[in-house]
Amino acid sequence: MSDQKEQQEEIDFISNSSLQSTVKKSKRKQLVKYIFISVITTIVMIYVLINGSQYLLNKKLEKQDYLFDNIHGANIRLDGSSYNYNLFSVREDSTYVKTMGDRTIVWDTTTKNIPIFGAEKLVDRGSGMSESNSFNKEAKRVVRYNNFNNERKLDFYYPKLSYDYLPHEIDIAADLDDNKLIEVGLSFTKPLSINELQKTLGDKNVNWLWVDTSYAAQMERMTKELPEDDLKTKGGGGAFGFDVYPETSYSQQQINYFNQNLQQLFEKKIHKNEVKEAIKGINENTNSNPSNLKFNGAVVTGTAKELKRFQNMDIVRASVLGATIDKY
């Protein structure tokens with residue numbers, strides 16, 4: 001009889017409403033605790049994922065072509081880029097400009113998709129790097145046009161190659177309406193040092209200097225394999241060089257900056273073949289002393305009146321008319 005009573009008390013204890021309430025309350029607390037921990041863990045993971053992703057993307061952006069843009073392209077510079085981050089990639093919209101006197105014109109635009117892993121992809125471009133070209137009877141040469149804005153592209157003539165015809169379009173530029181801002185590419189009779197340019201060319205209306213990256217075997221190959229003049233010119237968009245700034249014009253500081261950029265590009269293996277060829281040419285032309293860079297040409301801009309002083313310079317072998325825009 002007593003055993004039966006004890007079993008009944010146990011049953012009553014388990015089914016006791018206060019115990020049931022306590023158990024339910026404990027379960028609710030445990031559930032809330034689990035939910036809280038899960039939410040905090042999820043937030044932390046999302047935070048780490050997003051910030052980790054942006055960190056990796058930013059590190060990858062540091063390895064992009066900005067160093068290359070600084071020293072490549074005649075009078076062409078990167079004006080700015082905007083970025084739209086996704087979880088595992090970033091879209092980069094960039095604008096490239098040319099400086100014309102005291103103004104700039106848009107030369108090209110690009111849109112790239114840059115993933116955390118894998119190669120970047122060019123999604124769209126404004127066609128500034130593409131071109132249309134045809135033989136111009138008046139100019140007596142093949143003239144190239146930027147498909148983005150229909151402006152003329154620059155071409156340079158190597159001092160070490162011979163040509164059937166050498167244009168002197170600085171004469172055309174000097175006779176244009178003085179309400180125009182004009183770009184002209186000058187090609188020199190021989191490679192010149194920075195000190196020689198400072199004395200002969202000066203820095204007024206000079207925007208950019210073309211660095212001599214050619215080498216003997218390359219010039220010999222071009223002479224033998226490229227019979228047409230237009231095949232032996234150097235397109236401005238593919239030339240190495242740097243901008244001329246009044247505060248540091250023709251200084252060793254500019255040369256050092258150029259060489260440092262080129263060396264960083266080489267170490268990071270960015271545009272590997274072009275950079276390797278450029279370094280090879282510079283080493284040959286400077287006896288492995290890059291601080292003694294030589295220059296094959298320059299880009300000058302300004303009004304017709306301002307450009308007249310370049311007309312009869314002995315150092316100028318050829319000149320090509322580039323972009324022209326209204327001054328006002």
Item to complete: Sort out for me the strands (runs of 3 or more DSSP E) sitting completely within segment 97-208 that have 3 or more residues that are surrounded by fewer than 21 Cβ atoms within 10 Å (Cβ to Cβ) and touching a residue at least 24 places away in the same chain (Cβ under 8 Å).
Response: 103-115, 180-192
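Table: residues versus (1) free of Cβ contacts under 8 Å to residues at least 12 places away in the same chain; (2) touching a strand residue (DSSP E or B) at 6+ places or on another chain (Cβ under 6 Å); (3) on the phi > 0 side of the Ramachandran plot.
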residue	(1), (2), (3)
V211	no, yes, no
M219	no, no, no
M222	no, no, no
P227	yes, no, no
F240	no, yes, no
V244	no, yes, no
N256	no, no, no
N259	no, no, no
Q264	no, no, no
Item to complete: Tell me, yes or no, whether segment 43-55 has at least one residue that is farther than 30 Å from H271 by Cα, modelled with pLDDT of 80 or more and surrounded by 10 or more Cβ atoms within 10 Å (Cβ to Cβ).
Response: yes
Worksheet, complete the sentence: Checked E267, E196 against criteria (over 20 Å from E306 (Cα atoms) and over 22 Å from the mean Cα position of the chain (by Cα)); the one match is E196
Fill in: Where S288 falls short, out of the listed (1) modelled with pLDDT of 95 or more; (2) part of a loop (DSSP other than H, G, I, E, B); (3) among the polar types (S, T, N, Q)
(1)
Worksheet entry | Residue check for A278: buried (at least 17 other Cβ atoms within 10 Å of the Cβ), touching a strand residue (DSSP E or B) at 6+ places or on another chain (Cβ under 8 Å) and not in a strand (DSSP E or B) | yes
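The values are calculated or read from the model by the stated rules, or taken from the named source; none is laboratory data. Here the structure is a predicted model, which means the values were calculated and not measured. We place every Cβ from the backbone using ideal geometry, glycine too, and count neighbours over all the protein chains shown.
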